[in-house]
Amino acid sequence: MLTRVKDKFGLVPDWMIADTAYGSGPMLGWLVDRKIDPYIPVIDKSGRPDGTWTRTDFDWDAENNQYICPEGHALKQFRRNYSDPNRGPTGKGRAKYRALKLTCQVCPSKPKCCPNADARSITREEHEDARQVARDLAKTDEYVIAMKLRKKVEMLFAHLKRILGLGRLRLRGPCGANDEFLLAATAQNLRKLAKIIPAPQQIRKA
């Protein structure tokens with residue numbers, strides 16, 4: 001949709017508001033690559049039900065391409081230098097970072113980290129940098145304002161579906177859908193206008 005708007009009207013937004021359905025890694029990566037700030041909740045399934053350390057408890061060291069655990073140990077994707085570049089880190093797809101087994105076995109925090117595994121491993125998504133950008137934006141005051149604006153827009157769509165009965169479009173084709181939606185939006189605006197402007201009071205004759 002953003003591409004069509006850009007091609008037709010030449011408009012490029014500086015930021016975008018959406019719900020969690022648009023918080024996937026590829027979607028966030030697409031927005032960040034085009035310098036569009038994503039005010040979108042991130043789809044994050046890194047939580048662990050057993051109460052052990054999650055991925056957010058580990059610090060990402062981008063310079064050395066590794067994670068650092070709370071105890072200060074490194075989790076690396078590769079621990080050797082490959083002469084063939086195709087065998088080394090490519091930066092595409094998922095990457096798995098592992099700690100050394102000997103390090104985890106003697107670590108005092110092993111019950112909090114990996115009680116049922118010999119060593120801790122963390123999976124990093126391809127668009128994790130973009131996901132982190134969205135997480136950082138979620139901590140700002142602008143994000144709170146964006147969520148309030150999103151609620152106002154979504155309430156209008158909910159009103160169209162529940163009150164005006166626009167659960168589905170009955171006219172076929174883009175033109176029919178455009179006409180039907182335009183009529184529904186007009187009816188919605190007239191209802192709002194009737195609440196804002198009071199009706200003239202009739203003067204009764206004595």
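Computed from the coordinates by the stated procedures, all read-outs in this text should not be read as laboratory data. Quick caveat: nothing in here was measured; it's all calculated off a predicted structure. Positions of Cβ are generated from backbone atoms using ideal geometry, with glycine treated the same way; all protein chains shown enter the neighbour counts.
Would you please name the residue that is surrounded by the fewest Cβ atoms within 10 Å (Cβ to Cβ), looking only at residues in the stretch 38-61 that are of a type in the set (D, E, K, R) and part of a loop (DSSP other than H, G, I, E, B)?
Pass one, the stretch 38-61, residues of a type in the set (D, E, K, R): 44-45, 48, 50, 55, 57, 59, 61.
Filter once more, so that each one left must be part of a loop (DSSP other than H, G, I, E, B): 44-45, 48, 50.
Numbers: Asp44: 15, Lys45: 4, Arg48: 10, Asp50: 6.
Step by step, filter the stretch 38-61, then rank; the result is Lys45.
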Subset tally (residues that are buried (at least 17 other Cβ atoms within 10 Å of the Cβ), small (Gly, Ala, Ser) and assigned to a helix (DSSP H, G or I)) for the stretch 16-33: 2
Failed condition for Val144, given (1) aliphatic (A, V, I, L, M); (2) within 25 Å of Lys35 (Cβ to Cβ); (3) in contact with a strand residue (DSSP E or B) (Cβ under 9 Å, 6 or more places away or on another chain): (3)
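Would you say Asp7 is free of Cβ contacts under 8 Å to residues at least 60 places away in the same chain, out of contact with any Ser or Thr (no Cβ under 6 Å at 6 or more places or on another chain) and surrounded by 11 or more Cβ atoms within 10 Å (Cβ to Cβ)? Give the steps one after another, and end with the answer.
Working: free of Cβ contacts under 8 Å to residues at least 60 places away in the same chain: yes; out of contact with any Ser or Thr (no Cβ under 6 Å at 6 or more places or on another chain): yes; surrounded by 11 or more Cβ atoms within 10 Å (Cβ to Cβ): no.
No.
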